[in-house]
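The values are calculated or read from the model by the stated rules, or taken from the named source; none is laboratory data. Owing to the predicted nature of the structure, the values given are computational and were not obtained by experimental measurement. Cβ placement follows ideal geometry from the backbone for every residue including glycine, while neighbour counts extend to all protein chains displayed. Remember, those area values only see protein heavy atoms, side chains included, never the ligands or the DNA or RNA. Shrake-Rupley method; radii C 1.70, N 1.55, O 1.52, S 1.80 Å.
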Amino acid sequence: MKNILVTGGAGFIGSAFVRYAVEKYPHYHIIVYDKLTYAGNLENLLPVSQRANYHFVQGDIADREAVRGVIEQYGVDTIVNFAAETHVDRSILDPDAFIMSNVVGVHILLEAANHYKMERFLHVSTDEVYGDIEGSYFSKENDPFAPNSPYAASKAGGDLMVRAYHVTHGLNTVITRGSNTFGPYQYPEKLLPLFITEAIDDKPLPVYGDGMQVRDWLYVDDHAMGVDAALHNGVAGEAYNIAGENLQHNIDVIRRLLSLLGKPESLIKFVPDREGHDRRYAMDCAKLRAIGWQRQYSFEDALTRTVEWYKNNESWWRKIKTGEYLEYYKRQYAARLAAAGVSL
Ligand code: NAD
Ligand code: DAU
């Protein structure tokens, strides 16, 4: 492993991995390949942009010629694929891009990885492929898939293609499946960055349904280190869950962040639920621990760091919350908030 193509490296988790890997592995070349969709942001990579072992190329993983071009240009021997459309609500409104990037794009990357006989292909996936997890069960890596949103189904499709390239072509693949990730540089459409930035401006917070859904919150640096552990120590053909081991009801997380911000709970507005909304995600991550990963951050510490980061980096998110973002916000929330008696 010496020339690693990190696809989607300008996004939230990908950029955390790149910032980490550029420092930890000065002898590797880290080549970020990213389409720079609405969610990609080169500011996320500014902390490493002057490093000699960091390179950036703009491109689409679903563009076969461009993928082959970047692999040949840099002599890529390893791919770590973070590139994806990632927001469940957008997959309900506009699913096409999810199929292109999360299924077709993964297929194009696998074809290239097989063609150039890559040393390793790590695919970053999600706990959402297991679906809604009832009772007190924790999903294990070989459990059947039951994805419920177009996003989750597209990610499951990608995972199955990765499996097929290992079985059929003997490609050295590893899959990671992370839980709900939060931290600095997260695009403010996901629950935590949306609610932190809206609450700073005393705006209403649209809580779907009764707010009693359960998510397993994982700090972004712990996620990046989990990917690193699987990349270096994972067994070919295997998948590894990366869990926060911190199951919380949405409403409790929201109350905690309001308290950290010193904002009133009257900002909370219960709105009509997300269609097909999974009630609970929960994963067992003993398999990843067994190959050397250990969570570094407690939830409380990580949430405090995250809230502080958004308070101290308003210029990063205020620039995003303009133009297309506002169009999306209206489309996603105007009717929901109106049903709760709030007009935008
Ligand atoms: P993100 O939306 O912040 O970033 C995605 C990045 O991929 C962006 O930089 C975007 O420009 C790029 N991209 C999208 N389509 C592309 C394409 N066709 N070609 C090249 N680049 C493209 O996403 P994230 O939250 O950082 O998620 C990264 C990965 O982790 C995804 O695969 C996601 O499914 C997975 N994941 C996310 C979470 C989470 O809670 N955010 C949890 C588990 C797994
Ligand atoms: O579980 C891993 C997944 O976590 C990743 O694969 C996805 O890429 C990532 O987007 C995330 O999916 P979720 O749908 O769980 O995350 P989101 O931040 O959209 O929502 C978290 C919970 O909060 C969920 O139960 C829906 C709820 N929610 C979300 C938003 C945006 C609200 O109640 N109101 C909101 O406005």
Notebook entry, point to check: Here are ALA230, ALA243: which of them is within 12 Å of ligand 1 (Cβ to nearest atom) and among the small types (Gly, Ala, Ser)?
Noted result: ALA243
Next item on the list: Output the number of the condition that ASN3 fails; it satisfies all remaining conditions of (1) touching a helix residue (DSSP H, G or I) at 6+ places or on another chain (Cβ under 6 Å); (2) near ligand 1 (Cβ under 9 Å from one of its atoms).
Entry: (2)
Notebook entry, point to check: Quick check, is VAL18 surrounded by fewer than 22 Cβ atoms within 10 Å (Cβ to Cβ), of a type in the set (Val, Ile, Thr) and under 25 Å from SER315 (Cα atoms)?
Noted result: no
Check: Of these, ALA113, ALA52, which one is open to solvent by less than 10 Å² (accessible area, probe 1.4 Å) and over 30 Å from TYR325 (Cα atoms)?
Finding: ALA113
Item checked: Among the residues listed as ILE200, ILE133, ILE175, the single one being open to solvent by 10 Å² or more (accessible area, probe 1.4 Å), aliphatic (A, V, I, L, M) and under 20 Å from LEU5 (Cα atoms) -> ILE175
